[in-house]
Amino acid sequence: MPELPEVEITARLLDRELAGRRVASALAPGINALKTFDPPLSALEGRRIAAVRRRGKNLIVDFDQDGPPLALLIHLMSAGRLQLFDKFAGPRDRTSRLLVRIEPETAQDGTLELRLREFGSKQAAWVKLLDASELEQDEALAKLGPEAWPDPGSAKELAELLDAPRPLHALLRDQRTIAGIGRSWVDEILWEARLSPYKRGSDLDVQEAERLREAIVSVLGGAIEHYERTISLPIPDKLPMPLRIHRHEGEPCPRCGEELRAVHFEDYVIAYCPTDQTEGRVLKDRRLSRLLK
Ligand SMILES: [Zn+2]
């Protein structure tokens with residue numbers, strides 16, 4: 001599940017390689033992940049890539065002003081990857097959703113193909129080719145809250161942002177409230193801040209908001225630094241997420257040694273340390289209670 005750190009490292013690595021390069025051709029094979037039809041993908045032919053960047057969990061490819069202003073907006077959803085290969089995808093590759101072939105700059109340049117791939121049975125990842133002037137108004141970007149990283153604002157600003165009678169775990173994952181955090185990193189952030197996943201946003205005091213602000217910056221920033229050291233192009237299918245709490249239930253807490261616990265929901269799991277986060281209370285695990293009925 002790519003979240004802010006995974007999308008950020010993807011944008012950085014692709015930008016370093018692709019900024020300034022020209023598109024030879026673009027197509028969306030098989031199941032059509034392309035959600036727009038005007039302008040057509042062929043409008044990208046011959047266009048120079050200006051930058052690859054991130055907004056929330058979205059990837060944006062900007063094109064140079066050497067033609068009509070265009071931008072590709074991409075969402076990886078839960079199982080997508082945007083990767084750069086030095087071979088073209090084979091005709092039987094069923095994971096490809098978008099293929100952008102890059103023109104060689106010099107005679108020595110080899111083949112280069114930017115590929116949106118998706119793993120698993122769900123087809124959810126999507127692409128939009130937009131007029132650049134319409135990018136910010138697109139529904140995927142228009143309703144996004146402020147970026148969680150590098151600066152989620154002061155403790156006071158963050159407390160105001162989260163001032164709602166909803167659990168922190170839900171608020172922090174709500175992209176309209178704050179952009180970039182999902183099911184994996186929220187557990188790491190709340191553990192780092194020693195806050196209960198069920199504490200209401202409106203109940204945060206100033207000190208807690210400050211701890212949360214520091215945790216958001218250090219956890220997400222630390223993950224990006226980790227990826228800078230460990231990930232390179234083409235960008236691996238499976239990202240080595242440096243998680244310590246999420247998916248670690250049953251293991252000792254890295255801080256206090258207490259057993260990490262979890263609450264299971266249909267499509268996600270909350271992991272936490274009872275000693276550090278819930279005053280020693282073990283939260284009711286709905287999955288277990290349902291199984292026991
Ligand atoms: Zn602990």
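Any idea which of 243, 239 is touching a helix residue (DSSP H, G or I) at 6+ places or on another chain (Cβ under 9 Å), within 16 Å of the ligand (Cβ to nearest atom), open to solvent by less than 50 Å² (accessible area, probe 1.4 Å) and not hydroxyl-bearing (Ser, Thr, Tyr)?
Exactly one of 243, 239 is touching a helix residue (DSSP H, G or I) at 6+ places or on another chain (Cβ under 9 Å), within 16 Å of the ligand (Cβ to nearest atom), open to solvent by less than 50 Å² (accessible area, probe 1.4 Å) and not hydroxyl-bearing (Ser, Thr, Tyr), namely 243.
Condition first: within 16 Å of the ligand (Cβ to nearest atom), part of a loop (DSSP other than H, G, I, E, B) and crowded, with 18+ Cβ neighbours inside 10 Å. Can you find one or more residues in region 200-212 that meet it?
No.
When you go through (1) more than 12 Å from residue 188 (Cβ to Cβ); (2) outside any helix (DSSP H, G or I) one by one for residue 276, which number turns out not to apply?
(2)
Could you tell me how many of the residues in region 69-86 are in contact with an Asp or Glu (Cβ under 7 Å, 6 or more places away or on another chain), part of a loop (DSSP other than H, G, I, E, B) and open to solvent by 40 Å² or more (accessible area, probe 1.4 Å)?
Of the residues in that region, 1 qualify.
Looking at region 217-239, is at least one residue touching a residue at least 40 places away in the same chain (Cβ under 8 Å) and under 24 Å from residue 283 (Cα atoms)?
No, region 217-239 contains no residue that is touching a residue at least 40 places away in the same chain (Cβ under 8 Å) and under 24 Å from residue 283 (Cα atoms).
Can you name the condition, by its number, that residue 195 falls short on among (1) in a loop (DSSP other than H, G, I, E, B); (2) more than 16 Å from the ligand (Cβ to nearest atom); (3) on the phi < 0 side of the Ramachandran plot; (4) not polar (S, T, N, Q)?
(2)
If you go through region 12-40, how many residues are over 25 Å from residue 94 (Cβ atoms) and free of Cβ contacts under 8 Å to residues at least 24 places away in the same chain?
Result for region 12-40: 2.
Just give me the residues in region 246-267 being within 30 Å of residue 115 (Cβ to Cβ) and either open to solvent by 60 Å² or more (accessible area, probe 1.4 Å) or more than 16 Å from the ligand (Cβ to nearest atom) (or both), in sequence order.
Within region 246-267, 247, 267 qualify.
Given (1) of a type outside the set (Asp, Glu); (2) within 16 Å of the ligand (Cβ to nearest atom); (3) in contact with a Leu (Cβ under 6 Å, 6 or more places away or on another chain), where does residue 220 come up short, assuming only one miss?
Every condition holds for residue 220 apart from (2).
The values are calculated or read from the model by the stated rules, or taken from the named source; none is laboratory data. Predicted, not measured: the structure shown is a model, and the values here were computed from it. No Cβ is skipped: glycine too gets one built from the backbone with ideal geometry, and neighbour counts run over all protein chains shown. Ligands, DNA and RNA are stripped out before the accessible areas are found, and what is left, the full protein with its side chains, is counted by its heavy atoms. Shrake-Rupley method; radii C 1.70, N 1.55, O 1.52, S 1.80 Å.
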